[in-house]
Each structure stands twice: as C-alpha cells, then as structure tokens.
Amino acid sequence: MQEEPLAKVITPAEIDFEKEGLVQKEGVVYTTHGGKACRMDIVYPVRAKEALPVVVWVHGGGWASEDLTRKYLPSTQLAQLARRGFVTASIDYRLSQEAPFPAQIEDCKAAVRFLRAHAQEYHVDPERIAAWGESAGGHLVELMAYSADEEFLDDCCPEYSSRIQAVVPWYAPADLRLTTEEWEASEVYRMLFPDSDLKERERHMEQASPICYASRTNPPTLLMHGDADRLVSYENSRRMYEALKAAGNDVRLITVPGQGHGFFDGEEYYGQIFQFLEDTLRKA
C-alpha cells in the first residue's frame, strides 16, 4: 500500500466575485523591502457601507514555498465569510530564501497595520481583526496574536497597532527551539534561522516560538490539528493549548481524528471556525 504524502495539497476553487456579490482588490501592495513588494488580495461585499470585521489569511509552505504564495487558501470559505459580512485579506510575506526570520512575522504584522491605516478605503473595522493560517502560516498567526506592538516592528505604518482580536491556527509548529542536531538535519529551519552564531540563532528560535508567549494575556484562540499529522506533530497544538489555558486565556482545541497534515475535509470544521469568528468579532 502506498503511504500517504506528508502534506496534502489542494487546488483552491476559482471564485466569480461579481456573481457572488463581492469586490476583489487583487495584488494590493502593503509594504516593500528593497524594491520587493508584499501584496494582499482584499475581498468585501459589494454592498458594504459600514466598517466590517476582518479575517487575514496567512498561507503555509514551510516559510519558503513560492508555489503556495497567494494560491494556497480556502478560497470558497473565505468567499463565504465575505458574503457573511467580513472583509478578508490573503497576504504574501517574504519567504525564508529571500530573508530569514523575523522578516516573515514583520510582514504579517505590517499587513495588519496597513489595513488599519486604510480602514475607510477597505471597510475595515480596526477594532475587529482576526488571523487564520495553516502550518507555517498557523505559526505566523500565533505570533501575530501573542506578540506586542513593539515586537517585530518595521517601518510600515508604525503609528498603527498590529494587535489582533482572535486567531485560528491550523496544525502550527509551536516550539522552534531546536537542538543543533535538529537544526542541522532540517533545510527548512536552516533557511529560516541561518545564523552561524549559536547564541544569535537560539535567540531567534526563542523569539519565533509561540509557546514562549503563552503566559501573556492573549486573544481568543481556536486551535485545530489532526491527530495523525506526521509533518507537524499534534503535540504542538496540545502543548500550546495547555500553556494558554494555564495562563487563563480563552482557548479551544479541535482535534480532527485521523487527519494528517493539510486542509480539513467537511463543512463542520469550517462551520466551527465561522462560529468562532462570529462570537469573537461581532459586536453585541
């Protein structure tokens, strides 16, 4: 019997935005680095008049896969969210072969500040922003949720906050504090943390580990992880859940039985995400 691949890859559905009653602003540049533009695709309802809650989607791909940038996303479900009265923003970020950590989280947080800075133009409610991401993107949305404004700050719209109000990480690596042997064995992590100086590399790996921020007062978190994931162990989300819970944070862990690494099948899981976003972002 052929073994299942470590990661399941999807082809996102093509969305007819006009037919769905949606506006798509494609390829909006939110920050640049040395002439390299980081872009986002923004979608909102045609009839949007008031400020709407926002969901930022962050793709995975080991912080390095060019094939997944702006392509690997739950397009159908993001369109459903937009029809329900959300703004969605699917973002690029610098990949590790372009720039090592912390470039990736700097860009993700810059995207949030950009949305706040352009709130009126894109119907954004600056008080109601969530992030949702998978794998490496799940790791980045955890850092977006748990880090402070002054952490990972670059020069994009620095007068605006990068804090978010809710987060949905899918099968995210939570602890990146690797031994030298683990680091040497992984091309992914050698690209993300290329520091030759051991102390500097250890400092970056600790900064990059969401579990190191769990003791803070953090926004509501909906963790989702398959218990058969062979690429990013389920233990990552279990430990993250326990640490957030111990600190008194609002956190829930959905365990998906028999699920490996990759997008979840079945509307029930997306329904739980939609309900979580409604509960955390809708004003009473």
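Looking for whichever is more than 12 Å from the chain's Cα centre (by Cα), not in a loop (DSSP other than H, G, I, E, B) and not charged (D, E, K, R) here; the options are Val188, Val141, Val168. Which one fits?
Val188
Quick check: is even one residue across segment 201-223 in contact with a His (Cβ under 9 Å, 6 or more places away or on another chain), more than 30 Å from Ala117 (Cβ to Cβ) and in a loop (DSSP other than H, G, I, E, B)?
Within segment 201-223, none of the residues are in contact with a His (Cβ under 9 Å, 6 or more places away or on another chain), more than 30 Å from Ala117 (Cβ to Cβ) and in a loop (DSSP other than H, G, I, E, B).
Would you confirm, using the coordinates I've provided, whether Ala48 is within 20 Å of the chain's Cα centre (by Cα) and modelled with pLDDT under 95? Before the answer, list the steps.
Values: within 20 Å of the chain's Cα centre (by Cα): no; modelled with pLDDT under 95: yes.
No; evaluated as a whole, the condition is false for this residue.
Test Leu198 against the criterion of being over 23 Å from Arg84 (Cα atoms) and out of contact with any Leu (no Cβ under 6 Å at 6 or more places or on another chain), and give yes or no. Quick ask: steps written out before the conclusion?
On the way: over 23 Å from Arg84 (Cα atoms): yes; out of contact with any Leu (no Cβ under 6 Å at 6 or more places or on another chain): yes.
The answer is yes for Leu198.
For residues that are surrounded by fewer than 19 Cβ atoms within 10 Å (Cβ to Cβ), part of a helix (DSSP H, G or I) and either touching a Leu at 6+ places or on another chain (Cβ under 8 Å) or not basic (Lys, Arg) (or both), tally how many sit in segment 232-282.
Matching residues across segment 232-282 total 14.
Take the conditions outside any loop (DSSP other than H, G, I, E, B), modelled with pLDDT of 90 or more, small (Gly, Ala, Ser) and within 21 Å of Glu142 (Cα to Cα) and apply them to Ala64. Does it pass?
no
The values are calculated or read from the model by the stated rules, or taken from the named source; none is laboratory data. Owing to the predicted nature of the structure, the values given are computational and were not obtained by experimental measurement. Note that each Cβ is placed from the backbone with ideal geometry, even for glycine, and that neighbours are counted across all protein chains shown.
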